[in-house]
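Working notes, beginning with the structure itself.
Throughout, read-outs are computed from the coordinates displayed, never taken from laboratory work. Predicted model, so just to flag it, every value in this text is computed and none were measured. Glycine also receives a Cβ, built like all others from the backbone with ideal geometry; neighbour counts cover every protein chain displayed.
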Amino acid sequence: MGEEVFFALFESMRRNKMISGVILAALGLMFLISPLTSMVTVCRMVGWAAMIGGTLEIAGAVKGTPGFWLQNPYFYIGIFLAVLGIIVVRNPYIVLDWTNLIFGVIVVVSSAMSLLHMQQMRRFTDTTNGFITILSIAGIVLGALIILNPFGTIKLLSRIIGAVLLYEAAVNFRIFSNTRLLNNDN
C-alpha cells in the first residue's frame, strides 16, 4: 500500500514537471525571441492587476460602512492603484523606461558609495581590497549604461530572463526523463 501511494505521488510529480517544463520553455522562448514585447506584456499584466485590485479596494470601502467610505483610507488606496494601473496599461513603454532609469541611478549611487567607503577604509587600515574597487567601478559603468540606454538594457534583461526560463525548463525535462526511467525500473 505504501508503494502505491509513493508511485501515485511520483506520477503526479512527473506530470507536473512535464507541464511546468513546457510552460517555462514557451515563456523562455517568448522572452528570447521578442524581449520588448514580453516585457511590455508583463508590464501590462501588472497594470491590469493594479486596476482590478484598486477597483476591489474601492468597492470594499464603499460597501463597508455606509456614509463613511470617504474616510476609509482603502478607498484612496484603491483610487491610487486603479489610476496607476490605467497609466501602466496605457503607457507600458514609459513605465519600463522610467523603471530602468531609476534602477540605473540606484546602481550608480550604490556603486559610488561603495567606492567612497573603500577610499575611506584605506585611510584607516593597511589593507586594500582591489576586488571591491573594481566591482564598484564596474557598477558605476553598468549603471551609466542603463541610464544612457534604458530600452536596450531592458531587452538584454528580457533575454537573460528567457535564458533562465529555458534553463529551468531543461531541468524540469531532465527530472521528468529521469523519473520515467526510475518508474520503468519498478
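Taking a Cβ cut-off of under 15 Å around ASN91, the surrounding Lys, Arg, Asp and Glu residues balance to a net charge of +1, with basic ones at +1 and acidic ones at -1.
From its DSSP helices (H runs of at least four residues, each -39,500 (n - 2.57)), the chain gives a residue-normalised ellipticity at 222 nm of -32000 deg cm²/dmol. Legend: translational diffusion of the chain by Stokes-Einstein, Rh = Kirkwood radius over C-alpha pairs, 25 °C, 0.890 mPa s; D = 116 µm²/s.
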